[in-house]
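The values are calculated or read from the model by the stated rules, or taken from the named source; none is laboratory data. All figures in this text were calculated on a predicted structure; none of them were measured in a lab. Glycine gets a Cβ as well: all are built from the backbone with ideal geometry, and neighbour counts include every protein chain shown. Surface accessibility is based on the protein's heavy atoms, side chains included, excluding ligands, DNA and RNA. Shrake-Rupley method; radii C 1.70, N 1.55, O 1.52, S 1.80 Å.
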Amino acid sequence: GSGGMPVSLADAVKTRARELGFIACGITHAGPSKHADFLDRWLAKGYAGTMRYLHRQAARRKNPQSIAPEARSVVVVLDNYYYPEEGEPRVPRVAKYARGKDYHQVTQRRLGELAAFLRGNGAELTRTFADAGPVPERELAERAGLGWIGKNTMLIRPGLGSWCVIGSVLTDLPLPLDPPFATDHCGS
């Protein structure tokens, strides 16, 4: 901050996220999903097929708070997995997110460091999820102001597209919330 003003904890968290290499960071609440009814209808129609875990995780997907009732806020980060092509493309082509180190592990490790930073600032609860837990990550990211959910159902961030992995940390720290991303840029 300038002029010796104390930096807010939310700003400090976002600065730490940038230092860890995350390309964006926002904060939202751990409350219910606005898509909960849709998920219920979707599951009721049998669309989950053999993915039984979607039924098992439904309550948590609909309401992150049910994972950890003491959660006061969710720190949501975006991790870039777009790396420029190196030389000739290999055959067969491998999806970008599947190249290199397992991006879940890479993101999860750095989320762990962000969680440690939160604990260092008084958090008792820090549950991390990297694109793998029963949390509605895309909606959390939209709610935290990081982008909007496009027609491809992916989170789209201005200037970046959907080349990102979403990570989140549920915490009991009552951090100030960011305004949600308000506009859908995909048109009708």
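Below, the figures for the structure above:
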{"read-out": "In Å², nearest 10: area of residue 8 left accessible to a 1.4 Å probe", "value": "50 Å²"}
{"read-out": "Amide H within-cut-off set for residue 156, under 5 Å, with H built and near neighbours excluded", "value": "148, 149, 150"}
{"read-out": "Protection proxy ranking of 168-181, 137-150, 112-125 - average other beta-carbon atoms within 10 Å, highest first", "value": "137-150, 168-181, 112-125"}
